[in-house]
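The values are calculated or read from the model by the stated rules, or taken from the named source; none is laboratory data. No experiment lies behind these values; they were computed from the predicted model shown. FYI the Cβ positions are ideal-geometry reconstructions off the backbone, even for glycines, and counts take in every protein chain you see.
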Amino acid sequence: MKARLLLALFFVSLAFNASRIVGPLDWRMLLAALAAWWTADLLSGVVHMWMDYRPCVTGVGLKELYFWEGSRESPEFMVRQAEVYARINTFERICYDFKKHHPMPDLLGRHGVFHLMKAPTFFITLPLSLALNAAVLFWRPPGWAMVFALTLLIGNSLTQYFHGTLHKVRSPWPIRLMRGLGLLMTPAAHEHHHATLREDFSVINGWSNPALNLLVGALRRAGMLDEAGLVPG
């Protein structure tokens, strides 16, 4: 119930921000939307990279869950998973989920849009949208700036949903349409990340991957990304 209320608050906040767009439509709004879509993609990649390489908390049983050899649908696994999850906070659970989806990518694709929106919305875009609500009460930014902000908020709220659709057998038609237009990346393009875990971390459209790959390469050469963090324990 709490999650639904927070999501509802986000949509209301987003609608209020949209109502503050002023001025006629012009070419700068289109450029702003495309720039925001690239930025959202870059941010998805930066977060993905950090979560992939950030070590999970140790000594709570996450390693045993990750390397569980039996059925993950069994009552024994479910009980064990509940016990382990009870020992960690929400952030550690999100960190673990990023690593877990590498050997089991289909798990991410099983979740619906609202489930996958919760983490990025509650932790990032809802606070930012509410802050923007407060700002536009006293300041009227140009229309193109509001388009940039709204596109960025929407893109980052849906980041994990877009990521999940890359692991579905068949995605909804709006996703397929956006892929056809080049606005979202394809599952084939995302496969390179799973094959290497060193490149192509961005998951919205992949436009920012060339730039982010340069950053990841530099961080790896500097010893700032430890591959030991890719798996729990």
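Would you confirm whether any residue within region 106-113 is over 29 Å from ARG220 (Cβ atoms) and either modelled with pLDDT of 95 or more or in a helix (DSSP H, G or I) (or both)?
Scanning region 106-113 turns up at least one residue that is over 29 Å from ARG220 (Cβ atoms) and either modelled with pLDDT of 95 or more or in a helix (DSSP H, G or I) (or both).
Quick one: which helices (runs of 4 or more DSSP H) sit completely within region 168-233 and have at least 2 residues that are closer than 28 Å to PRO55 by Cβ and out of contact with any helix residue (DSSP H, G or I) (no Cβ under 6 Å at 6 or more places or on another chain)?
Working: elements: 173-180, 187-196, 209-221.
Fully inside region 168-233 and qualifying: 187-196, 209-221.
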Please work out if TYR66 is farther than 21 Å from ARG110 by Cβ and among the hydroxyl-bearing types (Ser, Thr, Tyr). no
Selection from region 30-61 of residues that are farther than 14 Å from ASP200 by Cβ and small (Gly, Ala, Ser): ALA32, ALA33, ALA35, ALA36, ALA40, GLY59, GLY61
Please verify whether region 13-23 includes one or more residues that are among the small types (Gly, Ala, Ser), within 30 Å of TYR85 (Cα to Cα), surrounded by 14 or more Cβ atoms within 10 Å (Cβ to Cβ) and in contact (Cβ under 8 Å) with a residue 60 or more places away in the chain. no
Restricted to region 89-119, and to residues that are in contact (Cβ under 8 Å) with a residue 60 or more places away in the chain and touching a Phe, Trp or Tyr at 6+ places or on another chain (Cβ under 9 Å), which residue is surrounded by the fewest Cβ atoms within 10 Å (Cβ to Cβ)? PHE114
Unmet criterion (only one of (1) part of a helix (DSSP H, G or I); (2) of a type in the set (Ser, Thr, Tyr); (3) more than 23 Å from VAL12 (Cβ to Cβ)) for THR121: (3)
So which helices (runs of 4 or more DSSP H) stay within region 11-104 end to end and still have 2 or more residues that are at pLDDT below 95 and basic (Lys, Arg)? 90-100
